[in-house]
Amino acid sequence: MPGDDPERKEGYLSGQLLIAMPSMQDTRFARTVIYICAHNSEGAMGLVINRLAGAVTFPDLLQQLKIEAPNLEKAIRIHFGGPVETGRGFVLHSDDYRHETTLDVSDQVGLTATIDILQDIANGRGPRRSLLALGYAGWGPGQLDHEIQANGWLNVSPDEDLVFDDDLDGKWDRAIGKLGVDPSLLSGDAGHA
C-alpha cells in the first residue's frame, strides 16, 4: 500500500505530482506539472508531463535508433521531460508493462528507460498507457525540499488521466483543481498563501 512506504512517511514525494506555483520564475518550469519518479535523501528525479519536446517525432526517433515499425498505428508524442540529459529517453507507463529494468514508481505507474520498451511500443506490445519523454528534471540532496519550502511547488496525488492523457494545455489547471485552490489566490511569498 502506498501509504505504508517508509520513504513516503518521511516526506518523500515519489509517485506524486509537483505543480509549479504561478510565481515560478524559471521559464523552463513555468506552469509545469512534474511526475516525481524518485525522491529520497540523495535527491529527486521527475518528468514534466505537460510539455512537448518540439520538432522530434516518434517515427524520427525510431529511425535514429534503427527500430523497425512497419505497423505503427498510433501517433506517439514526445514530451520535454526536463532540462537534464535531454538526449536520454524515459517512458512513464501503466503497470501492465514490465521489463527487468522497470522501476515501480507506484502501484499504478512504472518507469522504463531502455530501447526495449520503444521497440515494444512500436510493435504494439507496449503498455496500455504511456508517456515518452526526452530529458528529466533533477534535484540534488535537499534541493527539492528547499524549493517546496520557498513556495516554488505544490504537490498532489496523481490520477491516471492527469498523467497520461493528451490534454497538455489543461493539465496544470486540472492539477491545481485537485487541490481545490483558485490559482489567482496563490502567492509566491514564503509563508503567505
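The ranking of S41, S14 by Cβ neighbour count inside 10 Å, starting from the fewest, reads S41, S14. Working note: Karplus 6.51/-1.76/1.60 with θ = phi - 60° gives the stretch 152-165 the couplings x, 9, 10, 10, 8, 5, x, 10, 4, 5, 4, 6, 9, 6 Hz, where Gly and Pro are set to x. The helix-based estimate of mean residue ellipticity at 222 nm for the chain, built from -39,500 (n - 2.57) per DSSP H run of four or more residues and divided by its residue count, is -5500 deg cm²/dmol to the nearest 500.
Cβ crowding within 10 Å ranks H39, H146 as H146, H39, fewest other Cβ atoms first. Here the Karplus curve 6.51 cos²θ - 1.76 cosθ + 1.60, taken at θ = phi - 60°, turns the phi angles of the stretch 58-65 into couplings of 4, x, 4, 4, 4, 5, 4, 8 Hz, with x standing for Gly and Pro. Under 5 Å from the amide H of G126 lie the amide H atoms of I121, each residue being 5 or more positions distant or on a separate chain, with H modelled from the backbone and absent for Pro and chain starts.
Sorting E160, E147 by the number of Cβ atoms found within 10 Å of their own Cβ, with the fewest placed first, yields E160, E147. Helix 168-178 and the longest principal axis of the Cα set of the chain meet at an angle near 40°. Per-residue Karplus couplings for the stretch 46-53, computed as 6.51 cos²θ - 1.76 cosθ + 1.60 with θ equal to phi - 60°, are listed in order as x, 10, 5, 10, 10, 9, 8, 6 Hz, Gly and Pro entered as x. Proximity of backbone amide H atoms, modeled 1.01 Å from N, is registered between C37 and G15, M45, G46, L47 at under 5 Å, excluding neighbours fewer than 5 places apart on the same chain. When you count the other C-beta atoms within 10 angstrom of each residue and take the mean per peptide, 102-113, 169-180 line up highest first as 102-113, 169-180.
What's the local net charge at R51, with K and R +1, D and E -1, over the other residues with C-beta under 11 Å away?
Every neighbour counted, the sum reads +3.
FYI, it's all coordinate maths here, none of it is from the lab. Computed from a predicted structure; not experimentally measured. Neighbour counts run over all protein chains shown; Cβ positions are idealised from the backbone, glycine included.
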